[in-house]
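S.K.: Here it is, the structure, as structure tokens.
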Amino acid sequence: MVGLNEDAGRGIASLVIDTILYGDMILNYLDDEIAGSYTEGPQTIVRIHRVGHRTRKKTPIGTRTTSSLRATIDGRTITLNPGRARLFKRSYTIDIRFDERILALSAKDLEDSMLLDGPKKWLFRF
């Protein structure tokens, strides 16, 4: 992860993340929005926007409340359902619903995350 720039006056920070499998991804952080896209290939842009005031100081987007989040992929609405993960107190998992597809983003360890195709509750059922 490499920091590109930080403009504290405007609340902007940009990071480049090497996804290993899919190349570099750039994340742009504003106070109320996070936008991400790959640096090569199709220019798909994912945006997560906070509606309302910041309720959590240490959460990058300022909230974990589902009703306070709006998200899009190239302008098309997606649904996010954030919830607690079991790795450590500040970790979280997010179910992502887009068209007919359900994905789960979850912490794998302290440094890595995993994106699962299908809801997490079904993949880990015994």
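S.K.: Rounded, prolate or oblate for segment 16-64? Axes are the square roots of the Cα gyration tensor eigenvalues, ordered a ≥ b ≥ c, and the cut-off for rounded is a/c under 1.5.
M.R.: prolate
S.K.: Between L15 and S67, 0.36 nm times their residue separation minus their Cα-Cα distance comes to what?
M.R.: 16.0 nm is the gain from fully extending L15 to S67.
S.K.: Please identify every one of the chymotrypsin sites (Phe, Trp or Tyr not before Pro) in segment 20-72 that sits in a loop by DSSP and has no more than 16 other beta carbons within 10 Å of its own beta carbon.
M.R.: Y22
Since every read-out is calculated from the coordinates, none of them should be taken as a lab result. Note that the structure is a prediction, hence the values are computed from the model and not measured. Glycine gets a Cβ as well: all are built from the backbone with ideal geometry, and neighbour counts include every protein chain shown.
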